[in-house]
Amino acid sequence: MPGRTINKSKDEKIVKVEVQEEQVQEEQSQEEQELEEEKTKKLFALYPILFESHQYKIGEQLPTHNMEMVEAWIEAEAAIWK
């Protein structure tokens, strides 16, 4: 009987690992979808913005390489994704 208990717990561990792998894959696919959406969307200025010695006008596309600034512009409602 002890052999069965050990095998059963191994089977349970295998099932748990498979479930965890599926969850990780789902999370990764969701992140990939979000990144794809961001790639197709562009960030536009709602107000004049001076960034890296360049003055961006209202409606002009903004650079997105600095995520800290992108988040700040979105939070301040100075830019929008379209």
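Values for this structure:
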| read-out | value |
| --- | --- |
| Candidate set: region 54-82, residues that are over 15 Å from the mean Cα position of the chain (by Cα) and part of a helix (DSSP H, G or I); chosen: the one surrounded by the most Cβ atoms within 10 Å (Cβ to Cβ) | Trp73 |
| Among (1) modelled with pLDDT of 75 or more; (2) surrounded by 10 or more Cβ atoms within 10 Å (Cβ to Cβ) - the single one Asp11 does not satisfy | (1) |
| Scope region 19-56; condition modelled with pLDDT of 85 or more and either closer than 16 Å to Lys82 by Cα or not assigned by TED's automatic domain parsing to the domain that holds Lys82 (or both); matching residues | Lys41, Lys42, Leu43, Phe44, Ala45, Leu46, Tyr47 |
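The values are calculated or read from the model by the stated rules, or taken from the named source; none is laboratory data. This is a predicted model, so every value here is computed, not measured. Methodologically, a virtual Cβ is constructed for each residue, glycine included, from the backbone with ideal geometry; neighbour enumeration extends over all protein chains shown.
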